[in-house]
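Here's the structure we're looking at; comments come further down.
The values are calculated or read from the model by the stated rules, or taken from the named source; none is laboratory data. Here the structure is a predicted model, which is why all the values come from computation and not from measurement. Here Cβ is always computed from backbone atoms with ideal geometry, including for glycine, and neighbour counts include all displayed protein chains. Surface accessibility is based on the protein's heavy atoms, side chains included, excluding ligands, DNA and RNA. Shrake-Rupley method; radii C 1.70, N 1.55, O 1.52, S 1.80 Å.
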Amino acid sequence: MKPRTRVEYEARTGRTCKPPPQSSRRKNFEFEPLSTTALILEDRPSNLPAKSVEEALRHRQEYDEMVAEAKKREIKEAHKRKRIMKERFKQEENIASAMVIWINEILPNWEVMRSTRRVRELWWQGLPPSVRGKVWSLAVGNELNITPELYEIFLSRAKERWKSFSETSSENDTEGVSVADREASLELIKLDISRTFPSLYIFQKGGPYHDVLHSILGAYTCYRPDVGYVQGMSFIAAVLILNLEEADAFIAFANLLNKPCQLAFFRVDHSMMLKYFATFEVFFEENLSKLFLHFKSYSLTPDIYLIDWIFTLYSKSLPLDLACRVWDVFCRDGEEFLFRTGLGILRLYEDILLQMDFIHIAQFLTKLPEDITSEKLFSCIAAIQMQNSTKKWAQVFASVMKDIKEGDKNSSPALKS
């Protein structure tokens, strides 16, 4: 029976409504193909010759092959997603169980347990985010005996100086302002803050951590005018802010930058920096002799790539989560691990670097691939042996110090021309 509306329409117009022709497209596929996949099975338009039996069979076979291939891809992707989810779930379980151990067993007995084999192995696997800041603070220590009250004092001084700077037309017109003070000016710190982890949008103007980062950097320049503000510091302070309260972040920041390696780099002590580079090259040659010779052939020295890595403790060069894991073990092993990490990066990309010339190597190492993973990098770091003959890092560094001091550069493999 025709619907009432159709009957009325036909009565008024004298036209008959014909139902639309049934679509020849197949429905209820077991697998929903791409929108264009099934077109191969469609009949040709009426103004063209119809398909032959052979052509129709061939198209059916091609269609079945396309569907089968699409199914395979879908199954492969499903397995990949399942594997990733399984690994993520396992990782979350490991972090949760590790967190319980750190909170209930290790932290309450820090001095006794920190150097045990069990804790060192657990530490290598990465610290749970919830205890990371606490462990960093304990590992870095507070040899400078800085208190939250002392931080507030230096922060007040910084604010007073910023105010006096803003009241003058030019910092250079302010009498009695040292070079370190000018370098630590509000404008320079502001500029660097805007460049600190820009993709996170949390340290830039208006972001939740902008003022905190500004405060810590400003207070430090008043606390250590002999060092002042140096580009790269903002990244270190930012990582600490993400894991610690403001005053604790400043305490860790000041103590961290007071370590011999960081002090040498941030004070741009060329003599000490050269000693670190020379020691690095001893282990470079020991672990990656082929790549070492390749770099030597281009006169490519460690300062070209190591300075940026060391200045920011890899927080600018590596993905943030991976940089934090590097920090974990750096806090455990000290400066040696910074250079071991550098060798791990070179090992990871050794095959690629061997195919490059000077310019491309320098470009590659100053902007590492963004897809670098924790598992791959730490596997390469673990393969690096920090022992030259029978000497470890500290002993080799002491030998280099002695060699340079005595002027006998030929006795150190790293300093041979």
- Note on the structure: Cα-based Rg/(2.2 N^0.38 Å) for the range 278-415, rounded to two decimals, is 1.03
- Net charge of neighbours whose Cβ lies under 14 Å from the Cβ of Ala249, counting Lys and Arg as +1 and Asp and Glu as -1: -3
- The summed charge of the Tyr151 Cβ neighbourhood (under 12 Å; Lys/Arg +1, Asp/Glu -1) stands at -4
- So what does His210 come to for accessible area, using a 1.4 Å probe and Å² rounded to 10? 20 Å²
- Message: Please give me the summed charge of the neighbours of Pro208: other residues whose Cβ is under 15 Å from its Cβ, Lys and Arg +1, Asp and Glu -1.
- Response: -2
- Note on the structure: Over all Cα pairs of the range 204-332, the Kirkwood radius sets Rh, and Rg/Rh then becomes 1.02
- FRET efficiency for Val112 and Ala398, Cβ-Cβ distance as r, R0 = 25 Å, nearest 0.05? 0.25
- Treat each spin label as a single point 7 Å out from the Cα along the C-beta direction, and report the Leu293 to Arg88 distance in nm. 4.6 nm
- With a Förster radius of 45 Å, plug the Cβ-Cβ distance of Gln204 and Met66 into 1/(1 + (r/R0)^6) and report the FRET value to the nearest 0.05. 0.40
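Of Lys376/Lys402; Lys76/Lys316; Lys275/Lys296; Lys86/Lys367, which sit over 27 Å apart, Cα to Cα? Please list the in-between numbers first.
Values: Lys376/Lys402 36 Å; Lys76/Lys316 35 Å; Lys275/Lys296 18 Å; Lys86/Lys367 32 Å.
The answer is Lys376/Lys402; Lys76/Lys316; Lys86/Lys367.
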